[in-house]
Structure formats: structure tokens, C-alpha cells
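Undergrad: My questions all concern the structure below.
The values are calculated or read from the model by the stated rules, or taken from the named source; none is laboratory data. Just so we're clear, the structure is a prediction, and the values are computed from it rather than from any experiment. Virtual Cβ from ideal backbone geometry, glycine too; neighbours counted across all protein chains shown. The accessibility values were calculated without ligands, DNA or RNA, using every heavy atom of the protein model including side chains. Shrake-Rupley method; radii C 1.70, N 1.55, O 1.52, S 1.80 Å.
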Amino acid sequence: MNAEGITVHVCSACGHAVFPGRVLCPRCGSADWRDELVRRGTLLATTQTRKRVIVHRLLETRIAEVRTDAGPVVIARLLGEADPGTAVTLANRAGGIVAEPLGS
Amino acid sequence: MSPGAALIVGAGESRYQRHPQRGATTKRLLADALASALDDAGLSRDAVDGLAVTSFTLGPDTAIDLAWELGLSLNWLMQDTNGGASGLNMLQHAVRAVEAGDASVIAALAGDRLLVDEFDELIYTYNRATRAHLAPLPYGGPNTLFALLTHHHAEQHGLGREDYALVPISQRAWAAGNPNAAYREPMTLEDYLEAPMVAPLLCRYDCVPVVSGADAVIVAAEGRGVRVRALKASYNPDQQEGTGFPTGLAACADSLWNEAGLGPADVDLACVYDDYPVMVLVQLADLGFVADGDLRRFLHEQIGSRRLPVNTSGGQLSAGQAGAGAGLHGLVEAVTQLKGRAGERQVDDARTALVTGYGMVLYRYGACANAAVLEAA
């Protein structure tokens, strides 16, 4: 997967990073933000959901909690399988964050 | 009206139904709950001069539309939007209003008629963060998020599925005494461990059955009822930058118990917001029920044994989650117990109770948490 990265928001005044975006920085109250691309993170936990799409088919999606290298923790769809602690690359797909184990 | 003390003088609930009857609407369910609570209080509809309501499915109608459709002419009105924390939030506002003399009889209502696809729509469009960042994954709803939280909790506390199981199993045992519970058949550890997984570590019995229904309490200046000894709340304690536990209740615990003038060991029962077994444990620990921090021991010695009565209606996990009604369900049960009206599931000599609310998953976990200590008056 091309690790195009995802956008997190960094406070221009104090450097605190957040995802999703906020209006006022929770740390210093500033309303000025800059976008920062973060390409990697660490898997914290994973689980699976399953949804019946047609009578005999279940769509399984692996969902992961990832601590991005910039700090904020995000929820992502996980491509492939991996254990907590694994390094992952991050990208946006159709509006959602996807994560893939490094080296995949 | 003049300022005075406030009491919870009535509590009631509509029928809870997995499949709502034809013609059931959210407003009809709210009306049913109101009638049940007024009957409990021995009051007529025309005595009501204040209304509070929480519902996910009232829109585009609001509290004033509901007042109109229920034939209520009022001097006090509010609508709350804090999901599972709404019940206690409405209670807090209602008590202060009656104490201040702004109203004399306030009905606080919460509930929803929810068909399965309405529920799915609700969880995928819950707030902008969900629509933008979770729905596209697709994330599978809060079950997925709390499965992740349970993973962290299990790891930190050395717990396994056979430990968390004691929450739904014990609550199912209590539900046997609740004719309005959706599920009342006993559950064994084997039933739990063999249940279909929903999102590991969570299985079917870790997830609330969605029902249509509504709950109501009446707060008034006169009558016999239940007194609120203390009520504390926490909103957005950690900017969604934590793990989801402890909740904001941990920071409220000291002031809650100091104001109540009693401690965790003194309450006769606890109605703890049970969207998931892990959250029941987290909230009880946050409020000081597990002094030595040994959650496994607490689970087996206090919860599994039912020595500490928790969620004596069966809780949402067995009685059902009636949408926004869930935020009032625990309060209704606590008041019912303290009034000695809990029938087969009555806790002997119930004089004090703890009730909690929790909710509004903004991105990863609930941002609202509140707790009240009640006493039979």
C-alpha cells in the first residue's frame, strides 16, 4: 500500500496534535492549526466486525486502534493481520483511515 | 411556587419490546412511561408543570412539540441530548428547579421507538466525527470501539472472558424477577463462552438488546419518595485523548461521597450504566467499590454472587436498551427498589442506592459520566 499518510492537526501556538480536528486547542486554547501528514503508527489493539451483506456472505472488517507517530490515537481499518505493538503505515481510503503492517 | 426540597415521587416504564407493535411511536411510548410514573406518584397529568425529555427519534420535533402532544401546559421545559448521561442530567436540572420554586411537578422522560434499521442509521450518523471518520471504515458501531477498550482493560487487569461473563450472567439472574425485561432465562458460563462473537472480545451477551420503550421519573416538592443526597457529573474530562478508563467518575468520586455523607460500602444497590460489562466494572472501580484494586476478586465475590446488587432490573444487558430510555432506566429501577416496589427482585431493606449515567461516544469512548446517591425518604 502506498503510505500516503493521514492528516492530523497541530496547534500553531503550542504544537499539540489532535485527531479529529477541534476548534480550540485543548491545551492552550489557540484557534490556529496547521495540517501535518503522518505516515506511520503503532497498533494498540484490534478486533473484527462482521456484517451480513447477502444471505450466505459475511463481510468481515478488521478494525484497529493505532497510535500515530504524531501522538493522536485513531481508529482505522486494518489490512491484513497483526498483533498489538506492530508498526503500521497509514493512508486514507474513501474517507476512512486504513492501516497496514509495515513491510506488507 | 416557593423554594423547597425536591423528591423523586414517581418512577415508571413503558413495556420494553424487541419488536414494537404496529402503531407504536416514540411519543406514545413516552406517554406510556409518563402514565406509569404518574400512577406510581399518585398524580394526574394536569399536576405536571415542568417537562424534560431525551430521545434520539423525536426530531424534527422537540420538547415543546411533545408538551403539545401530551396536553401539558408548563412553566419549565428542557430537552437533553446526552444519551446515557441524560437521565441524571435531567434529574439534576429538575431537582434544582423544584428547589428554586421554578416548577412544582416535573416529569423527566426518555425513550425511543427503534426498528433495527433505525438503530443502524443512528449509530452510523451519531455525530460528525462518526460520520466522517468511523462510518466509512465501516466501523460496526460502538460494539467495535468497546471491544478495543475491553482489550486494554483485560490486559491491564489480567481478566479474561470468564471474568467479564459474571456481569451479564448475574444481571440475567436479577432479570428473572423483572417481568418487563426482554431476556429473563438464566445464563450459564457455558452459554456465555459459546455465544457467537460480535467483535472479539465481545460476544452476543456483552451487547445490549435494542428495544423500543421509554422511562420516566417525577420530581416534586411534595409527597413521599426518594431524596437525591448527591449528584455529580463530568463532561469531556480528557478530550478523547485517553484510553476510555478511568471515566470522569473517578475525579467526581470524593465530592460525590462527601456530599452524600456515605461511602460505597453503605449503598444497598447500584444501578450502573451497562452498555458493556467492562463499563460496569470501570464505573464501580472509579467510584471506589474496589478498594484493593483486585477486579477479579470483586467480580467473583461481589458481582457474581450478587452480594452487591448491581442492575437489579437485569440492566440494559437483559432488560434491553430503549434508546435514550437507557439513561433513565437505572434511575427508575433504583427508585422502584427504594420505594419497596420491586416485587420478586426486591433488595431487602433497600434504603440507599447509587445510580450512574454514561454516554456520548464522540470518537472512541463516552465523554459524559454522572452519578447520584439516592436515599428513601
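Undergrad: Residues of segment A:68-85 being more than 11 Å from chain B (Cβ to nearest Cβ) and free of Cβ contacts under 8 Å to residues at least 60 places away in the same chain, which ones?
TA: A:D69, A:G80, A:E81, A:A82, A:D83, A:G85 - these are the residues of segment A:68-85 that are more than 11 Å from chain B (Cβ to nearest Cβ) and free of Cβ contacts under 8 Å to residues at least 60 places away in the same chain.
Undergrad: Now, a different point. Restricting the search to segment B:115-158, which residues are more than 10 Å from chain A (Cβ to nearest Cβ), open to solvent by 40 Å² or more (accessible area, probe 1.4 Å) and touching a strand residue (DSSP E or B) at 6+ places or on another chain (Cβ under 6 Å)?
TA: Answer for segment B:115-158, where residues must be more than 10 Å from chain A (Cβ to nearest Cβ), open to solvent by 40 Å² or more (accessible area, probe 1.4 Å) and touching a strand residue (DSSP E or B) at 6+ places or on another chain (Cβ under 6 Å): just B:F119.
Undergrad: Continuing with this model, one more query. With the structure loaded, tell me whether A:V88 is more than 9 Å from chain B (Cβ to nearest Cβ), open to solvent by less than 10 Å² (accessible area, probe 1.4 Å) and not small (G, A, S) or whether it fails that test.
TA: Taking the combined requirement at face value, the residue satisfies it.
Undergrad: Next question, about the same structure. Among the numbered criteria (1) open to solvent by less than 40 Å² (accessible area, probe 1.4 Å); (2) in a helix (DSSP H, G or I); (3) farther than 18 Å from B:V211 by Cβ, which one does B:L30 miss?
TA: (3) is the only condition that B:L30 fails.
Undergrad: Can you say whether A:R27 is within 14 Å of chain B (Cβ to nearest Cβ) and among the charged types (D, E, K, R), as far as the supplied structure shows?
TA: It is true that A:R27 is within 14 Å of chain B (Cβ to nearest Cβ) and among the charged types (D, E, K, R).
Undergrad: Is it the case that A:C25 is crowded, with 17+ Cβ neighbours inside 10 Å, over 12 Å from the mean Cα position of the chain (by Cα), hydrophobic (A, V, I, L, M, F, W, C) and part of a loop (DSSP other than H, G, I, E, B)?
TA: Against the criterion (crowded, with 17+ Cβ neighbours inside 10 Å, over 12 Å from the mean Cα position of the chain (by Cα), hydrophobic (A, V, I, L, M, F, W, C) and part of a loop (DSSP other than H, G, I, E, B)), A:C25 qualifies.
Undergrad: Please verify whether B:A110 is of a type in the set (G, A, S), over 29 Å from B:P246 (Cβ atoms), more than 13 Å from every other protein chain (Cβ to nearest Cβ) and in contact (Cβ under 8 Å) with a residue 40 or more places away in the chain, treating the condition exactly as stated. Full working, then the answer.
TA: Values: of a type in the set (G, A, S): yes; over 29 Å from B:P246 (Cβ atoms): no; more than 13 Å from every other protein chain (Cβ to nearest Cβ): yes; in contact (Cβ under 8 Å) with a residue 40 or more places away in the chain: yes.
No: the conditions fail for B:A110.
Undergrad: State whether the residues of segment B:76-89 include one that is aliphatic (A, V, I, L, M), in contact with a Gly (Cβ under 7 Å, 6 or more places away or on another chain), buried (at least 24 other Cβ atoms within 10 Å of the Cβ) and more than 14 Å from chain A (Cβ to nearest Cβ).
TA: So far as segment B:76-89 goes, yes, one or more of its residues are aliphatic (A, V, I, L, M), in contact with a Gly (Cβ under 7 Å, 6 or more places away or on another chain), buried (at least 24 other Cβ atoms within 10 Å of the Cβ) and more than 14 Å from chain A (Cβ to nearest Cβ).
Undergrad: Sticking with this one: Can you tell me which of A:A31, A:A82, A:A45 is surrounded by 15 or more Cβ atoms within 10 Å (Cβ to Cβ) and in a loop (DSSP other than H, G, I, E, B)?
TA: Answer to the selection: A:A82.
Undergrad: If you check B:G325 against the conditions, is it in a loop (DSSP other than H, G, I, E, B) and either touching a His at 6+ places or on another chain (Cβ under 9 Å) or crowded, with 24+ Cβ neighbours inside 10 Å (or both)? Before the answer, list the steps.
TA: Working: in a loop (DSSP other than H, G, I, E, B): no; either touching a His at 6+ places or on another chain (Cβ under 9 Å) or crowded, with 24+ Cβ neighbours inside 10 Å (or both): yes.
No.
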